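Q: Have a look at this one.
FYI, it's all coordinate maths here, none of it is from the lab. Model, not experiment: these values are computed from the prediction. We place every Cβ from the backbone using ideal geometry, glycine too, and count neighbours over all the protein chains shown.
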């Protein structure tokens with residue numbers, strides 16, 4: 001798997017725009033308490049960025065916009081799409097090289113066959129009609145176009161539950177369910193990857209009672225102050241602390257997040 005990366009612009013190079021509020025529905029860069037989740041999402045953008053080089057890219061569900069801006073550093077043109085008014089306004093102000101638009105992911109406001117790549121990271125679990133959205137991705141992609149999708153692995157994210165832990169999630173998926181959704185819309189799944197803790201994060205798991213994730217969730221649920229050592233460890237996490245591995249390299253059902261690379265015929 002390629003590890004081509006594009007440097008992010010420094011904070012001093014960005015417009016002075018207020019950050020979006022942290023609601024739990026999307027991750028936000030630049031917050032110490034949120035840094036683990038931000039880096040866990042960022043690694044997927046970085047490792048798949050080479051798929052967007054010299055391409056017309058749609059990021060469907062672009063959220064805060066940091067990912068669309070990263071892609072804009074290598075792509076021919078990047079369209080960001082989000083339904084939320086505040087997110088659209090924020091991206092337009094903070095990331096001017098992203099062609100930011102407002103619209104519903106169930107009916108993508110793009111012409112058929114108009115983009116080379118659709119990026120959809122940590123979004124599909126929020127959607128009510130997941131199959132319709134994937135059908136729309138197939139419609140707007142050109143022949144041989146690529147859908148890059150990530151989502152929490154239901155098996156490890158909401159273990160033993162019939163409903164998601166995250167109140168913003170409608171339906172979480174395991175690898176087999178995600179594959180079924182993609183193939184039902186005509187996609188060929190080229191690869192199913194998983195996000196895992198690398199060696200440094202495994203050490204942090206051991207340091208914080210077996211799971212740095214559970215340590216963070218416990219603070220949030222209790223609305224309690226963060227211990228200084230936990231906050232320092234979370235703030236120090238970087239994207240290269242995560243491994244992105246093919247299903248042939250490690251059991252995909254053990255992954256934290258699923259990452260699918262799917263091709264439209």
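Q: In nm, to one decimal, how far is the modelled label at residue 76 from the one at residue 33, with both set 7 Å along Cα→Cβ?
A: Label at residue 76, label at residue 33, 4.4 nm between them.
Q: Moving on. Subtracting the Cα-Cα distance from 0.36 nm times the residue separation, let me have the gained length for residue 177 to residue 107 in nm, one decimal.
A: Details: separation 70, 0.36 × 70 = 25.20 nm, distance 2.24 nm.
Roughly 23.0 nm would be gained on extension.
Q: Return the distance in nm (one decimal) between the two label points of a simple spin-label model at residue 132 and residue 165, each offset 7 Å from Cα along Cα→Cβ.
A: 3.0
Q: Separate question: What are the extents of the Cα atoms of segment 161-254 along their three principal axes, in Å, largest first?
A: Here the Cα extents, ordered largest to smallest, are 49, 30, 18 Å.
Q: Quote the convex hull volume per residue of the chain, based on C-alpha atoms, as a whole number of Å³.
A: Values: hull volume 33.6 nm³, N = 265.
Cα-based convex hull of the chain, divided per residue, equals 127 Å³.
Q: Can you pull the Kirkwood radius for segment 52-127, inverse mean 1/r over Cα pairs, to one decimal in Å?
A: 12.1
Q: Put a dot 7 Å past each Cα toward the Cβ at residue 248 and residue 224; how far apart are the dots in nm?
A: 4.6
Q: Here's a follow-up. Nearest-5 percent of antiparallel DSSP beta bridges in segment 19-263? The partial results should precede the final answer.
A: Values: 19 of 38 bridges.
Given both bridge residues lie in segment 19-263, the antiparallel proportion sits at roughly 50 percent.
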